[in-house]
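Working notes for the structure below.
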Amino acid sequence: MVTSSPLEHPDGRRTVGDPSDVPDVFDPRIYAAGIPHDRFRVLRDRAPVARQGEPEILGWPAGSGFWAVTRHADVVRVLKDSGTYSSHLGATQIRDPDPRDLPFIRRMMLNQDRPEHGRLRRLVSRAFTPGRIERFAVTARDRARELLADAFADGGDVDLVRTVTDDYALLNLTDLLGVPASDRGLLHTWTERVIAYQDPDEPPVLDAEGRPVNPRSPAMLAEMFDYAQELAAYKRAHPADDVMSVLAASELADAELEMFFFLLTVAGNDTVRGAAPGGILALAQHPAEQRRLWSREVSMDTAVDELLRVHPPVLSFRRTAAHDTELAGQKILAGDKVVVFHASANHDERVFADPHRLDLARTPNPHVSFGDGPHVCLGAHFARLQLGVLYEEVRAACGGLALAGPPRRLVSNFINGIKSLPVRPLEPSAPRS
């Protein structure tokens, strides 16, 4: 397999800078220490479209390398221009899928371009009506209140991920989809398998030759797809006010329905599951801003967007150049992988004043945490609703939150996940320093 140095294209072309100028932002292990802001700043300033290598890491094979896009304007340009930067050609993960799996992976809306993508998005958007989502707000609030009351009952330190945010995100998703609560463990297992595949705490499934199996391959998704068909059949016989009832009665083909169930299960769960503890962490690290939120000096709507900006649930997405083009002065050839980094774009000094300062009243706030263009997150409204409800209930449950230990982060260059967040709830009358 052909590999390249961080600044050398596989065809031998040299790119901007020299190796010491272009830090690595591919290695998933980097993100276990947090978003590598120093590295992203170097890239934005010196090489906004920079060549990155794909060495073999954590047992996953080496790849051909890709272009890292780190400035906000360039990220938005890539996300909006699906004619040049395709989701279909190579799918949306940095690692190339097995060519034998690519036709299967392309069934998912996330990995499609126009016009197929638009047709599927219109079909599914019918299920995400504002009325349906708002009805879930009452249930989500009751759930947040109950989880927080149990977590804070003893008044001591708690791991907010284990006691609150994981269950909050997952149970809200089961309500929205119409999955029985008794089956939520299945959804959790399937999500972990897909999202945490780079993390040492989630050892990969190996094939007969000892190589990791892509968690998005047909073999790894068969169990989930069987379940989706069983659930759809039940919903056709017993329709309810949930998303799977709508999808089961739609004109989706069986393969399309299975892929939508996969997409909604993984993306619908992990968006909130990643963003919720990330927002709490940011508030705990910035007590002055936390006090502003607790005293209602700032709007919850602007606060949610600012917390999403500083802790986007997704770190990166891949596109593939459909034809030769140029981006930020860098020539890109047809077939090149182009990867946008949301976390870098959200901290671009060219767009956000003092980007590393948490400002819960920040407006405008054109963050790209939910993407942009035709693939902007379909469930963004539902995610914002859940996050706002959770933060409101945390505020009602205690006088504030302080960190009780360092967070543990997911090893991933895709999902900005937090595996553990020890916090100490403060009494309303306690000094808030």
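Treating only the Cβ of Lys, Arg, Asp and Glu as charged (+1, +1, -1, -1), what charge dipole size does segment 282-417 show about its Cα centre? Round to the nearest 20 debye.
Details: 15 positive and 15 negative charges, 71 e Å.
Here segment 282-417 has a charge dipole of around 340 debye.
Multiply the residue gap between A237 and R122 by 0.36 nm, knock off their C-alpha separation, and tell me the result in nm, one decimal place. Intermediate values should be presented prior to the final figure.
Values: separation 115, 0.36 × 115 = 41.40 nm, distance 2.42 nm.
Extending this stretch completely gives an extra 39.0 nm.
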- line: Placing +1 on each Lys and Arg Cβ and -1 on each Asp and Glu Cβ in segment 132-245, then taking the dipole about the Cα centre, the residue among P180, S245, T163 whose Cα reaches farthest towards the positive end is S245
task: Sequence neighbours fewer than 8 away in the same chain don't count; with that in mind, list the aspartates and glutamates whose C-alpha is under 18 Å from K419.
output: D157, D159, D166, D167, E192, D199, D201, E202, D270
- prompt: Among the helices of the chain (complete DSSP H runs), which have Cα atoms covering no less than 18 Å along the helix axis and a Kyte-Doolittle mean of at least -1.0?
  reply: 130-151, 218-237, 254-285, 380-397
statement: Sorted by chain and then number, the residues having a modelled amide H within less than 5 Å of the amide H of F317, at least 5 places away or on another chain, are V340, H342
- request: Please give the contour-minus-distance gain from I30 to A222: 0.36 nm per residue of separation, less the Cα-Cα distance, rounded to one decimal in nm.
  value: 65.9 nm
statement: For the chain, the percent of accessible surface on carbon and sulfur atoms (probe 1.4 angstrom, ligands and nucleic acids excluded) is 52 percent
query: How fast does segment 167-246 diffuse by Stokes-Einstein, in µm²/s, taking the Kirkwood radius from C-alpha pairs at 10 °C and 1.306 mPa s?
result: 113 µm²/s
- prompt: Taking the mean number of other Cβ atoms within 10 Å as a proxy for protection, how do you rank 159-169, 232-242, 360-370 from highest to lowest?
  reply: 159-169, 360-370, 232-242
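Can you tell me what share of the DSSP beta bridges in the chain is antiparallel? A percent to the nearest 5 is fine. Display every interim value, and only then the final one.
Values: 26 of 29 bridges.
Close to 90 percent.
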query: If r is the Cβ-Cβ distance from D324 to D38 and R0 is 41 Å, what FRET efficiency results, to the nearest 0.05?
result: 0.80
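Given Cβ point charges of +1 (Lys, Arg) and -1 (Asp, Glu) and nothing else, what value in debye, to the nearest 20, does the dipole of the chain about its Cα centre take? Before the final figure, lay out the partial values.
On the way: 51 positive and 60 negative charges, 193 e Å.
Computed about the Cα centre, the dipole is about 920 debye.
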field: Unit charges at the beta carbon, dipole of the chain: most positive-side option, G274, Q112, G131
entry: G131
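Per-residue counts of other Cβ atoms within 10 Å, averaged by peptide: what ranking do you get for 336-343, 248-255, 421-428, highest first?
Numbers: 336-343: 24.8, 248-255: 13.6, 421-428: 18.9.
In descending order of packing, they fall as 336-343, 421-428, 248-255.
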message: Given Cβ point charges of +1 (Lys, Arg) and -1 (Asp, Glu) and nothing else, what value in debye, to the nearest 20, does the dipole of segment 92-169 about its Cα centre take?
response: 860 debye
- prompt: Among the lysines, which have Cα under 25 Å from the Cα of K331 when same-chain residues fewer than 8 positions away are ignored?
  reply: K80
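Per residue, how much accessible area does segment 81-152 have with a 1.4 Å probe, in Å²?
Values: 3540 Å² over 72 residues.
Value for segment 81-152: 49 Å² per residue.
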task: Calculate the translational D of segment 163-315 in whole µm² s⁻¹ from Stokes-Einstein, where the hydrodynamic radius comes from the Kirkwood formula applied to all Cα pairs, the temperature is 10 °C and the viscosity 1.306 mPa s.
output: 91 µm²/s
- prompt: Once the other residues with Cβ under 15 Å from the Cβ of A144 are scored (Lys, Arg +1; Asp, Glu -1), what is the net sum?
  reply: -2
query: Considering only the other residues whose Cβ falls under 12 Å of the Cβ of T70, what net charge follows from Lys and Arg at +1 and Asp and Glu at -1?
result: +2
- line: What the 20 Å binned alpha carbon P(r) of the chain shows, as percent of pairs per bin from 0, is 25, 58, 16, 0
- line: Taking only the alpha carbons of segment 247-372, the radius of gyration and the largest Cα-Cα distance, Dmax, both in angstrom, are 18.5, 53
statement: Note to self: Kirkwood Rh of segment 13-154, Cα pairs, one decimal, Å, is 19.1 Å
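The values are calculated or read from the model by the stated rules, or taken from the named source; none is laboratory data. Computed from a predicted structure; not experimentally measured. Virtual Cβ from ideal backbone geometry, glycine too; neighbours counted across all protein chains shown. The protein model used for the area step is the full one, side chains on, heavy atoms only, and it has no ligands, DNA or RNA in it. Shrake-Rupley method; radii C 1.70, N 1.55, O 1.52, S 1.80 Å.
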